[in-house]
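Just so it is clear, none of the values below were taken in a lab; they were calculated from the coordinates. None of the values given here were measured: they were computed from a predicted structure. In this analysis, Cβ positions are derived from the backbone assuming ideal geometry, glycine residues included, and neighbour counts consider all displayed protein chains.
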Amino acid sequence: MDTYSLAAAARSLRTSAPRIRRAIDRLGMRVDRADSGVFRLTQSQVDELSSVLGVTPSVPDLSLTEARVLAALSRSPRGVASVREAARRAGTSPTATARALARLTSAGLINQAQAMLARGRATEATVYQVPFASSTWLALAPTIARVQLPGRHEGAHASRVPPHLLHLFWNVASTQLDVASSAPFIARRLITSFDPDGLAWGSQNLPAGAWEHAAATRGLEPAQRALARNLARSAPDAR
């Protein structure tokens with residue numbers, strides 16, 4: 001069976017050997033070593049590392065960070081409203097991401113525009129978005145599509161509706177924003193509002209039973225009922 005040294009794995013994943021070593025330690029990965037002490041990673045272990053660290057092919061005129069940031073934004077068609085959020089999606093540091101966004105903007109690969117966003121109240125923010133119809137983007141799109149971003153490890157599920165979704169619950173009591181006691185009500189409100197950000201949050205934080213309860217309530221359109229059932233099947237506790 002073919003094996004990889006740290007250096008060979010780093011070349012395969014286009015990253016550094018120290019970063020590979022840190023990931024191995026973080027994952028508690030059991031790795032064989034040759035008599036000389038050289039690591040011997042199996043193909044399955046390199047595949048596991050690629051899912052955690054990502055893989056970025058060489059993109060003409062772009063650094064690794066710029067390619068990752070561009071890939072993250074290309075998979076966020078509604079745009080990203082902060083440097084920190086772009087960094088989280090790309091798996092890069094906020095400082096490096098800010099530099100990458102400036103460079104990508106000057107190259108015409110990203111647009112920056114001021115927009116009013118619903119975050120519990122109307123808030124003005126800079127939105128970073130890929131101009132998907134531009135010839136500059138279209139020339140790079142096939143290569144950027146091959147970028148495998150680092151896995152996003154979410155923390156504990158939210159206990160309450162977050163502030164940026166409060167406009168969807170403007171007429172309800174504070175106690176009805178608690179996930180533990182009001183998940184079915186929250187699920188139904190998200191289904192009937194059909195807000196993309198709300199549904200994205202709910203799909204990661206509400207249990208299957210809440211969506212099933214919402215699907216069984218009266219007054220839903222067939223498409224809404226079907227969506228609730230699909231969300232139940234893909235809920236965190238149903239995976």
> Cα atoms only, the stretch 155-227: Rg and Dmax in Å?
Replying inline: 11.3, 34
> Amide H to amide H under 5 Å from S82: which residues, 5+ apart in sequence or cross-chain, H placed 1.01 Å off N in plane?
Replying inline: Y128
> Order of S36, S193 from fewest to most other C-beta atoms within 10 Å?
Replying inline: S36, S193
> Given a Förster radius of 22 Å and the C-beta distance between R75 and R225 as r, what FRET efficiency does 1/(1 + (r/R0)^6) yield to the nearest 0.05?
Replying inline: 0.15
> With charges set only on the Cβ (+1 for Lys and Arg, -1 for Asp and Glu), what does the dipole of the chain come to about its Cα centre, in debye to the nearest 20?
Replying inline: 160 debye
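What does the helix-only formula give at 222 nm for the chain: each DSSP H stretch with n ≥ 4 adding -39500 (n - 2.57), the total divided by the residues, and the result rounded to the nearest 500 deg cm²/dmol?
On the way: 11 runs with 118 residues, N = 239.
Here the helix-only value at 222 nm equals -15000 deg cm²/dmol.
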>> Please compute the length gained on full extension between R22 and V172, using 0.36 nm multiplied by the number of residues separating them and subtracting their Cα-Cα distance.
In response: 49.3 nm
>> For the pair H157/S135, report the inter-label distance in nm, with labels modelled 7 Å from Cα in the Cβ direction.
In response: 5.0 nm
> With the dipole of the chain worked out from charges on the C-beta (+1 for Lys and Arg, -1 for Asp and Glu) around the Cα centre, which of T3, W211, T15 lies farthest toward the positive end?
Replying inline: T15
> Using a simple charge model, +1 on the beta-carbon of Lys and Arg, -1 on the beta-carbon of Asp and Glu, nothing else, what dipole does the stretch 3-98 show about its Cα centre, in debye to the nearest 20?
Replying inline: 240 debye
> Ordered by residue, what ³J(HN,Hα) values in Hz, to whole numbers, does the stretch 54-63 give under the Karplus form 6.51 cos²θ - 1.76 cosθ + 1.60, where θ = phi - 60° and Gly and Pro are x?
Replying inline: x, 9, 10, x, 5, 10, x, 6, 10, 6
> Amide H to amide H, which residues 5 or more places from S5 or on other chains are under 5 Å from it, using H placed in the peptide plane?
Replying inline: L41
> For the pair D32 and S93, how long in nm is the line joining their label points, each one 7 Å along Cα→Cβ?
Replying inline: 3.7 nm
>> Just want the answer: with Cβ charges of +1 for Lys and Arg and -1 for Asp and Glu, which residue in A98, F132, Q112 is farthest toward the dipole's positive end in the stretch 64-144?
In response: A98
> So who's got an amide H within less than 5 Å of the one on V55, skipping anything under 5 residues away but keeping other chains? H placed 1.01 Å off N, in plane.
Replying inline: Q148, L149
>> Using Cα-Cα distances under 8 Å and only pairs 6 or more residues apart, what relative contact order does the chain have, in percent?
In response: 14 percent
>> What distance in nm lies between label points placed 7 Å from Cα along the C-beta direction at A180 and R233?
In response: 3.2 nm
> Under 17 Å from a point 7 Å along the Cα-to-Cβ line of R146: which residues of the stretch 2-16 have their amide N that close?
Replying inline: 11-15
